[in-house]
């Protein structure tokens, strides 16, 4: 790593969007996050910091804002993860196709805004042993007891392993309750097929219905309105059973009191969160108040509970996530004739403020993916002046143990230990949310300079990269780079751009929105005010919009992975469709219609022979571009998704990928097998690489035919792997990143002294393989400018947060 010259740049625009809703799959293994810009992300839940992976990103309608998400359980016939539904402020309900990566409207607007939806709880629960992938499913699997010292109060059994939180498979439909702006609750049948069937509406009430939830037995429905009332409805007779006045002391005057969130517990307690910052616990049988807490300093936006229903979490506009714990107290002395009376109380335990802005949503997830056990080794302690950087969450994150997920206006997602909430810091799942897509090409026709293509939501920026040689090279601080904006290409009608690419010459650009793909050429003019212009080129008619695009090395062909699950090869000069690939699991099934998931990543070899296409679930298809045939199919490895990949310039027959389980695989494409390096080392990688900080988001190969190394990077760190060097035993002797070389862009004197001391401590390890470098700020992209020059696009998070709307605070009377 000390041979690399780092060049920093922070001129790229980065404006992530707020998270407005969360939902967990029926088995607790996936979390869906809906953002304000209309996009949806599917995250794989991990029992620790390793394995958190954004598996899917679906670009939805940016105009129709999502108000809530629900994830239906899978039926015995359909299987799969179940239907994912979202409601919108415009009154429509959409289904998100996780296989086709598209948003489908299943219910046109009801005429009024939909504030929230609630899916009927499972009426019968069938515990799953193992799923098709061989992973342990949620159920009664015991994972040992975990101590909890957060509260000295007596409590029920905290072990969630004996609670039925597995995926339920019963009837072929669930009822869906929809809270509408006109004061009505509308009821629908959500079948396992497409569409919703209307049942009937509950009687209309005054005010807006902002929240809705079901009782555990699905016989009652509770609704909260903007006039401070909670109503209990009979789900069979559709009559109102009773109503509750939420305002403390029964005060109904003053501003509107909005009941934003409701939660029903199996013990018969109803929990409400409102705009005054109050979290109240109610007896659902009589509608009486049991307890009230006012620790929030703003609106309470969301509530969540663990599978055992003995803990409740609340989150609000003050950025706090608060834990309340159930405690049973005994009243009276009691004797043999008169038993002691047990009273249930909900005790405030503590709070965590990881978010800087409003917290919009909470959800509970249970990791079911198998956690690979790390070898137990006696490792020597490394003496250093600074505390080692600890990226490991193995202390509190375990298989089958509930994890709380929070998200909000600061665009971040955090994971907490549901059992040891206040004892450990939350895990930042996504340090760089919605990072812009960046492509770097070097040795272009522009006098051999490097060119950057940066994809924003509705435009593409083309930058010319210039090195600043006035600063001495340093791994710790890095040099600065100057980026010159050559051109900005805006999408037609401000449509959202799904994918983009740039040719190796730096002169051809292509992108696709939800309508069609487009091709452009960058041209230089000798005179005039503008030296550069962008001209549109023709593509064959009838091409579908794409999820991924890539040029061949000689820029003569453009490969387009359409949403119809086909790959189209286009001759750029002739504007002709040369060939159409249909990815298949079996090479001999080439005449079958498309049945595989959409392609989301593509890579081409340096000699132009091979095209590697990867679908959203991690399956790999290798195509021969010389004879236009599918060469090889590689099924997903250890049920892990592919996070990054590429062909090194040194050998066109070698294909390298990284997976969400932090493994590196090297394939011999021509021989259709794992390469020699992978056969020897893939399952014996150093421990610190298996605990790679953050999700791996890219690879960068040096543009040299003699180099055997690759830089693997995430938003938090990068690692240099040299396939030509041995993996010595001492490479794995420093767990949890204690030997990471720090990289900090700060320029104050104190930071420089710290870097100098740390560099001196790290000097004995100069020639080791798997050399790490930690980043101080979130990194968006890492790419080689030359064999020894590395470009790092970074952004200080505080600069990004300045573009967010100001947090909402509670009004203080008298100010």
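The values are calculated or read from the model by the stated rules, or taken from the named source; none is laboratory data. Keep in mind that this is a model prediction, so the values were computed, not measured. In this analysis, Cβ positions are derived from the backbone assuming ideal geometry, glycine residues included, and neighbour counts consider all displayed protein chains.
Numbers for the structure displayed
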| quantity | calculated |
| --- | --- |
| Qualifying residue in the range 195-202 (condition: under 15 Å from residue 303 (Cβ atoms) and touching a strand residue (DSSP E or B) at 6+ places or on another chain (Cβ under 7 Å)) | no |
| Condition met for residue 187 (touching a strand residue (DSSP E or B) at 6+ places or on another chain (Cβ under 9 Å), free of Cβ contacts under 8 Å to residues at least 60 places away in the same chain, part of a strand (DSSP E or B) and in the same structural domain as residue 105 (by TED's automatic domain parsing)) | yes |
| For residue 242: the one exception among (1) exposed (fewer than 15 other Cβ atoms within 10 Å of the Cβ); (2) at pLDDT 90 or above; (3) not in a strand (DSSP E or B) | (3) |
| Any chance residue 555 is at positive phi and in contact (Cβ under 8 Å) with a residue 12 or more places away in the chain | yes |
| The one condition in (1) assigned to a loop (DSSP other than H, G, I, E, B); (2) modelled with pLDDT of 85 or more; (3) more than 30 Å from residue 315 (Cα to Cα) that residue 487 fails to fulfil | (1) |
| Test: residue 635 is within 26 Å of residue 714 (Cβ to Cβ), crowded, with 23+ Cβ neighbours inside 10 Å and touching a residue at least 12 places away in the same chain (Cβ under 8 Å) | no |
| Among (1) in contact (Cβ under 8 Å) with a residue 40 or more places away in the chain; (2) part of a strand (DSSP E or B); (3) surrounded by 18 or more Cβ atoms within 10 Å (Cβ to Cβ), the one test that residue 231 misses | (1) |
| Strands (runs of 3 or more DSSP E) completely within the range 1-101 that count 3 or more residues being on the phi > 0 side of the Ramachandran plot and assigned by TED's automatic domain parsing to the domain that holds residue 661 | none |
| Candidates 50, 31 - the one that is surrounded by 22 or more Cβ atoms within 10 Å (Cβ to Cβ), closer than 23 Å to residue 213 by Cβ and either modelled with pLDDT under 90 or in contact with a strand residue (DSSP E or B) (Cβ under 9 Å, 6 or more places away or on another chain) (or both) | 31 |
| Any hit, the range 389-403, residues being modelled with pLDDT under 90, loosely packed, with under 13 Cβ neighbours inside 10 Å and either touching a helix residue (DSSP H, G or I) at 6+ places or on another chain (Cβ under 6 Å) or closer than 29 Å to residue 19 by Cβ (or both) | yes |
| Sole exception among (1) surrounded by 20 or more Cβ atoms within 10 Å (Cβ to Cβ); (2) within 23 Å of residue 109 (Cβ to Cβ) for residue 16, by number | (2) |
| Selected residue (criterion: farthest from the chain's Cα centre (by Cα)) from residues of the range 588-614 that are surrounded by fewer than 13 Cβ atoms within 10 Å (Cβ to Cβ) and in contact (Cβ under 8 Å) with a residue 24 or more places away in the chain | 590 |
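Table: residues versus (1) at pLDDT 95 or above; (2) over 28 Å from residue 297 (Cα atoms); (3) surrounded by 15 or more Cβ atoms within 10 Å (Cβ to Cβ).
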residue: 208; (1), (2), (3): no, no, yes
residue: 218; (1), (2), (3): no, yes, yes
residue: 247; (1), (2), (3): no, no, yes
residue: 258; (1), (2), (3): no, no, yes
residue: 262; (1), (2), (3): yes, no, yes
residue: 266; (1), (2), (3): no, yes, yes
residue: 278; (1), (2), (3): no, no, yes
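Quick grid of which residues meet (1) in contact (Cβ under 8 Å) with a residue 40 or more places away in the chain; (2) under 23 Å from residue 600 (Cβ atoms); (3) not assigned by TED's automatic domain parsing to the domain that holds residue 460:
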position	(1), (2), (3)
497	yes, yes, no
506	yes, no, no
517	yes, yes, no
537	no, no, no
